[in-house]
Amino acid sequence: MSLDELERVNAEVNSSITFTNDVEQWKEDDRWEDGTETGFEDCDGITIAKLRKLLALGWPREDLKLGICVVETGDRHAVLIATVAGDDYVLDNRYPHVMEWKLLPYRWEKFYLFGERVWRAAAPASGR
């Protein structure tokens, strides 16, 4: 489990899925689908695609989180967060490279911890 692997998955998925909001694509306000199925999805579908790729590569569920945050525009946004050597890194369709969660200008709302199957309202580093 390495940062290089995260970078590769982030780049592959970001380049293979075109961002499209759910209303345009599905005529629904919020629908969670794996973006690799259609090639078009919003942030949560892109996040699901990244999650599935990392799990297929053998990443432990305990090292993966779903992050829900508010971005600079006030919109809600979903990202995948992976832990490497004790640090949390964000795989985000808004940025071409993986970054530490604390470097992003987001207001974090909640995290889904896949290993525990629970939602937590906390920063990624304290949400373990």
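For this structure, a couple of remarks:
- Percent accessible area from carbon and sulfur atoms, the range 54-118, protein chains only, probe 1.4 Å: 50 percent
- The residues packed around residue 100, meaning those with a beta-carbon under 9 Å from its beta-carbon, carry a net charge of -1 if Lys and Arg are +1 and Asp and Glu are -1.
The values are calculated or read from the model by the stated rules, or taken from the named source; none is laboratory data. These numbers come from a predicted model, not from an experiment. Cβ atoms come from the backbone with ideal geometry, glycine included; neighbour counts cover every protein chain shown. Accessible surface is based on the protein model in full, side chains and every heavy atom, while ligands, DNA and RNA are left aside. Shrake-Rupley method; radii C 1.70, N 1.55, O 1.52, S 1.80 Å.
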